[in-house]
Amino acid sequence: METVPNGRRLIGYARVSRGNSQDLDPQLRALTDSGCDPIYREEASGGRSDRPELARAIGALQPGDVFVVWKLDRLSRSLRDLLFTLEKITEAGAGFRSLTEAVDTTTAAGRLMTQTLGAFAEFERAMIRERTMNGLHHARQAGRHLGRRPSLTGPQRADIIAKAESGQGSPAQLANLFRVSRSTVQRVLREHRARLAGV
């Protein structure tokens, strides 16, 4: 297996989208010319999390190795997934290099850029959480119901209770009548009995 002068292995990863008539050859030539051996090849969408060859490539990394791709979008289509993958590579004690964008985490400048990307991603997550919490707060203040809509209205629940108490149907029959699950009907009846018992 080839190594670069400092003893690191260069492990390449090449990917094209499935059924997209893309050619792996340009990636393979660039990775081979840069000294990568082995090169893992994959035909899968960049948005998929289950890419077995990517997992094999990362699993093969040893401390000091460098994981190499032709372009960043061959590794991931989103910043979040890209950072997640880079984290796995870092945990293996390996570096990362993108040939086209000249990204190289084995250098101080490359590590700084990766840390900056991570900071932006964390800022984005914090902003999303803040907007979500503000939205929930305003919805509660406006008296809007949060979460999944109830499967039965108040009158329907009352009708189920009345029919069950007068013997006009079993839970299964009432569930079929009101187009809900049997467990929903049983829960309505159980809650009604609990209220009567003062629980």
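The values are calculated or read from the model by the stated rules, or taken from the named source; none is laboratory data. Quantities reported herein were computed from a predicted structural model and do not represent experimental measurements. Note that each Cβ is placed from the backbone with ideal geometry, even for glycine, and that neighbours are counted across all protein chains shown. Just so you know, the surface numbers come from the protein's heavy atoms only, side chains and all, with ligands and any DNA or RNA stripped out. Shrake-Rupley method; radii C 1.70, N 1.55, O 1.52, S 1.80 Å.
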Summed residue charge, Cβ within 14 Å of GLY169's Cβ, Lys/Arg positive, Asp/Glu negative:
+1
At 0.36 nm per residue, and after removing the present C-alpha to C-alpha distance, how many nm does the segment from MET133 to GLU87 gain when stretched out fully?
13.7 nm
Under 10 Å, Cα contacts only: if you run a Gaussian network model on the chain, which one of THR153, THR32, THR106 comes out with the highest mean-square fluctuation?
THR153
Radius, Kirkwood style, for the chain when every pair of distinct Cα atoms is counted (Å):
21.7 Å
Taking 25 Å as R0, compute the FRET efficiency from the Cβ-Cβ separation of THR153 and GLN173 and round it to 0.05.
0.80
What is the sum of charges, Lys and Arg at +1 and Asp and Glu at -1, for the other residues whose Cβ falls under 11 Å from the Cβ of ALA14?
0
Net length gained if the chain between ALA162 and ALA194 were fully extended (0.36 nm per residue, minus Cα distance):
10.0 nm
What is the gain in length, in nm to one decimal, between ARG140 and ARG77 on full extension, counting 0.36 nm per residue of separation less the C-alpha to C-alpha distance?
19.1 nm
Give me the percent of accessible area attributable to carbon and sulfur for the chain, probe 1.4 angstrom.
52 percent
